[in-house]
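The structure appears below as structure tokens.
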Number of protein chains: 2
Amino acid sequence: MAVIVQKFGGTSVGSLERIEHVAQQIIKTKQQGHQVVAVLSAMSGETNRLTDLAVKLDPNPSARELDMLLASGEQVSIALLSIALIKRGYSAVSLLAHQIGMQTDNRFNKARILNVDNQRMLQELQQGHIVIVAGFQGVDSEGNITTLGRGGSDTSAVAIATALQAKECQIFTDVDGVYTTDPRIDENARKLPYVSFEEMLEMASSGAKVLQSRSVEFAGKHKMPLRVLSSFIEGEGTSITFEQQADKKHPVSAITSHKDEALISANGVIHGEKFRSKLLTLLAKVDIEIDMLTQTAEHVNKINFSFTVHRNDYVQAMCIAKSLTTEFSVDELFGNNKVVKVSAIGNGMRSHAGVAAELFECLFANNINVFLVSAAEIKISVLVKEADLIRAVQILHKKFQLNTII
Amino acid sequence: MAVIVQKFGGTSVGSLERIEHVAQQIIKTKQQGHQVVAVLSAMSGETNRLTDLAVKLDPNPSARELDMLLASGEQVSIALLSIALIKRGYSAVSLLAHQIGMQTDNRFNKARILNVDNQRMLQELQQGHIVIVAGFQGVDSEGNITTLGRGGSDTSAVAIATALQAKECQIFTDVDGVYTTDPRIDENARKLPYVSFEEMLEMASSGAKVLQSRSVEFAGKHKMPLRVLSSFIEGEGTSITFEQQADKKHPVSAITSHKDEALISANGVIHGEKFRSKLLTLLAKVDIEIDMLTQTAEHVNKINFSFTVHRNDYVQAMCIAKSLTTEFSVDELFGNNKVVKVSAIGNGMRSHAGVAAELFECLFANNINVFLVSAAEIKISVLVKEADLIRAVQILHKKFQLNTII
């Protein structure tokens with residue numbers, strides 16, 4: 001009998017009615033002859049409600065105590081789901097992170113999983129029980145409760161699936177799979193029956209919100225097949241696997257976009273290397289992350305240096321950059337916080353060198369100006385004006401024949 | 001440095017404002033040079049809210065899963081109190097039952113404490129931390145979460161105080177101490193500066209709601225001094241100790257009353273012994289508890305047998321009694337669910353034989369009819385009409401000079 005791990009997010013367990021629905025879903029899988037372990041988030045809204053209480057007491061609450069507080073959310077949802085399953089005649093047992101030995105480091109609020117002990121879960125499964133585990137939480141080496149950060153339940157599910165050598169880790173969410181692009185941006189978006197781990201990772205880091213990058217990374221590392229499914233609509237969802245799909249027709253699998261970008265450009269900088277390292281160090285000190293980054297070759301002792309930050313960090317980042325302009329006699333410091341990143345992602349790009357050319361040509365032909373470009377092995381990202389976002393996604397989606405993908 | 005354990009009930013931590021108030025209370029004790037361990041209930045209303053959710057899914061929810069669910073309530077209150085203390089510059093650490101090794105049996109919903117490991121708490125106290133522990137909950141030998149039943153946090157506090165050899169276990173509640181009688185019934189009620197464990201136990205089992213009997217029993221057994229204090233009003237409260245207070249003037253320390261009584265009398269029963277054992281066995285089978293119980297000596301082969309049950313059980317108990325009337329040719333089966341129990345309690349009664357006589361005389365002189373009497377070493381209880389409740393309490397309170405106690 002194969003073990004299937006099913007993860008249900010906050011929306012999927014957001015009310016008693018939805019919990020009953022999840023119970024039915026689990027029973028269906030159980031009736032198909034599988035052993036089922038369900039991993040749950042807190043009921044939607046609960047984590048925010050608890051955080052609000054904490055913040056009212058202290059705008060910057062103790063990280064350890066915040067984790068103690070937040071971990072109560074999953075405890076409620078797992079107990080309620082177990083009660084619903086038992087009511088339907090299925091034996092179920094809910095377990096907290098410490099009860100399954102979900103060991104993490106002690107970085108409260110953003111802990112990393114170190115180890116999962118499969119003993120208790122296997123014992124319960126062998127007795128025929130459905131096992132319901134609290135996602136998002138762990139314990140450090142001293143037995144303190146930790147949490148994995150927002151979206152951490154996905155990672156919990158993958159770690160548990162890996163520990164149990166599950167057949168598949170199914171992530172139930174409010175969309176029915178991974179799409180060629182965001183259907184709200186392009187109605188021609190189509191559900192992909194499968195994507196590779198690498199594509200999924202690039203998509204997650206380029207704006208696709210369906211899965212948390214860390215969980216995909218974790219699954220890829222441990223070769224645990226993932227499947228994204230809807231909690232509400234029947235279907236096969238999207239399978240995320242290692243199988244390399246040689247698809248000559250579709251070198252690009254998906255077009256993603258990420259809105260919250262802001263561009264900062266320093267033009268005509270003397271001592272480019274020093275400027276760059278000093279600026280990046282200062283930004284890192286205040287936890288500002290850089291996304292895209294380009295630098296022109298030195299010309300007459302001067303360089304142009306451009307990068308993007310999250311839009312929320314724009315003002316602070318500009319301020320820091322400005323503070324260096326005199327020292328490095330920067331000719332011009334330019335910023336734009338109305339820019340977005342559009343990316344084309346696909347395993348097929350590896351063997352299809354012409355994708356970049358086609359992409360630029362297509363954007364140029366449609367009068368879409370490109371500020372920055374960054375490229376990885378299976379991804380090309382361009383920074384464009386926010387006003388061009390929808391048009392850029394739609395024309396690239398069509399250009400790479402994703403409108404007609406099966 | 002002495003350890004003081006302070007227990008705060010649901011009302012005391014019922015809102016963020018009250019949690020801040022509790023933080024101040026704890027800091028005051030800490031500043032007096034004590035090591036403080038606080039034991040909390042869930043925020044008032046929370047246990048009911050969670051129970052309602054469970055009952056909507058299953059009117060008779062799994063006992064194990066209900067405990068998993070309910071234990072989340074204390075997790076919230078301890079984390080919030082810790083956050084409030086840390087905000088004020090005091091290092092505090094919240095701990096769940098499993099983190100302090102609060103071992104119980106596995107009778108879910110009504111577990112009994114078997115052992116408390118003091119190691120983690122002592123370690124935290126030695127590091128100067130204020131320790132905030134979740135009351136009401138425990139873990140069984142398999143690591144499952146258990147709860148101790150309503151009011152169990154009092155017992156948690158006493159068990160923790162005992163494990164830490166605390167100087168005192170302080171129970172903060174919404175009244176400022178133990179009174180000679182319920183002030184809502186008699187405005188002359190006075191706060192007792194001290195009562196003995198035995199008196200407190202008899203009071204708890206006779207209607208005084210200030211402390212849960214089990215916690216008093218536990219404290220008495222382990223010789224842990226208790227103190228009942230108000231969370232809202234400053235004061236010394238009432239100390240519950242072993243010191244025998246020889247008070248010749250006041251053989252009675254308190255008058256209590258318990259409203260929810262119902263009387264059942266079977267008169268003229270043949271084979272009294274058999275009838276009694278059969279009836280009590282049948283009642284026990286459906287979990288109906290007997291409170292007072294009397295039986296007349298056999299006369300012409302017949303006996304009269306009377307007992308009281310909780311008013312909620314009256315109809316069912318009468319029905320069971322009726323089912324035996326033919327077999328045992330009972331002359332008359334009589335019931336009254338408008339009766340109440342009034343009790344006089346006091347260590348002084350041991351050495352003062354006349355209390356019973358005075359009590360009956362006083363009730364008789366005031367035309368209060370007594371249906372049943374039961375007496376223990378330091379308590380006499382009488383069953384009277386509900387309509388006589390207030391008058392009976394007031395005249396006995398006056399009779400035994402409790403109006404003028406210091």
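The values are calculated or read from the model by the stated rules, or taken from the named source; none is laboratory data. Note that this is a predicted model, so its numbers are computed, not measured. All Cβ positions, glycine included, derive from the backbone under ideal geometry; neighbour counts span all protein chains shown. These accessible areas exclude ligands, DNA and RNA; they are computed on the full protein's heavy atoms, side chains included. Shrake-Rupley method; radii C 1.70, N 1.55, O 1.52, S 1.80 Å.
Quick notes on this structure:
- In segment A:201-213 there is no residue matching the filter, namely being closer than 23 Å to A:LYS385 by Cβ, assigned by TED's automatic domain parsing to the domain that holds A:GLU332 and open to solvent by 60 Å² or more (accessible area, probe 1.4 Å).
- Scanning segment B:52-61 for residues that are more than 8 Å from chain A (Cβ to nearest Cβ) and within 10 Å of A:LEU80 (Cα to Cα) turns up just one, B:VAL55.
- Segment A:175-184, residues that are open to solvent by less than 30 Å² (accessible area, probe 1.4 Å) and out of contact with any Leu (no Cβ under 6 Å at 6 or more places or on another chain): A:GLY177, A:THR181
- Members of segment B:293-308 found to be free of Cβ contacts under 8 Å to residues at least 40 places away in the same chain, polar (S, T, N, Q) and surrounded by 18 or more Cβ atoms within 10 Å (Cβ to Cβ), listed by number: B:ASN304
- In segment A:309-339, the qualifying residues are those that are of a type in the set (Gly, Ala, Ser) and more than 26 Å from the chain's Cα centre (by Cα), and the one that is most open to solvent (accessible area, probe 1.4 Å) is A:SER323.
- Among the residues of segment A:54-105, just one is on the phi > 0 side of the Ramachandran plot and touching a residue at least 12 places away in the same chain (Cβ under 8 Å), namely A:GLY101.
- Taken over segment B:214-237, the criterion of being within 19 Å of B:THR180 (Cα to Cα) and either of a type in the set (A, V, I, L, M, F, W, C) or open to solvent by 40 Å² or more (accessible area, probe 1.4 Å) (or both) is satisfied by B:VAL216, B:LEU226, B:ARG227, B:VAL228, B:LEU229, B:ILE233, B:GLY235, B:GLU236.
- In segment B:1-30, the residue that is farthest from A:LEU53 (Cα to Cα) out of those that are in contact with a His (Cβ under 8 Å, 6 or more places away or on another chain) and β-branched (Val, Ile, Thr) is B:VAL3.
- Taking each residue of segment A:179-206 that is of a type in the set (Phe, Trp, Tyr) and looking for partners that are buried (at least 22 other Cβ atoms within 10 Å of the Cβ) with beta-carbon atoms closer than 7 Å, six or more apart or interchain, yields A:TYR179/A:LEU192; A:TYR194/A:THR238; A:PHE197/A:VAL216; A:PHE197/A:ALA219; A:PHE197/A:ILE240.
- Scan of segment B:185-234 for residues that are under 12 Å from B:VAL158 (Cα atoms), of a type in the set (Gly, Ala, Ser) and over 13 Å from the mean Cα position of the chain (by Cα), ordered by number: B:GLY220
- Among residues of segment A:390-406 being crowded, with 20+ Cβ neighbours inside 10 Å and out of contact with any helix residue (DSSP H, G or I) (no Cβ under 9 Å at 6 or more places or on another chain), the one that is modelled with the lowest pLDDT is A:ILE405.
- Residue in segment A:8-16 that is surrounded by fewer than 23 Cβ atoms within 10 Å (Cβ to Cβ), out of contact with any helix residue (DSSP H, G or I) (no Cβ under 9 Å at 6 or more places or on another chain) and assigned to a helix (DSSP H, G or I) present: no
- When we screen A:ALA204, A:ALA166 for residues that are farther than 30 Å from B:GLN75 by Cα and at pLDDT 95 or above, the only hit is A:ALA166.
- Residues in segment B:353-362 include none that are open to solvent by less than 10 Å² (accessible area, probe 1.4 Å) and modelled with pLDDT of 95 or more.
- Among residues that are at pLDDT below 90 and under 22 Å from the mean Cα position of the chain (by Cα), A:GLN245 is not included.
- Test: A:PHE172 is open to solvent by less than 30 Å² (accessible area, probe 1.4 Å) and of a type in the set (Phe, Trp, Tyr): yes
- Count of segment A:17-60 residues which are within 24 Å of A:ALA161 (Cα to Cα) and surrounded by fewer than 16 Cβ atoms within 10 Å (Cβ to Cβ): 5
- Scanning segment B:256-278 for residues that are farther than 23 Å from B:VAL340 by Cβ and open to solvent by less than 30 Å² (accessible area, probe 1.4 Å) yields B:GLY268, B:VAL269, B:GLY272, B:PHE275.
- For segment B:217-231, the set of residues classified as aromatic (Phe, Trp, Tyr) and closer than 14 Å to B:GLN6 by Cα is empty.
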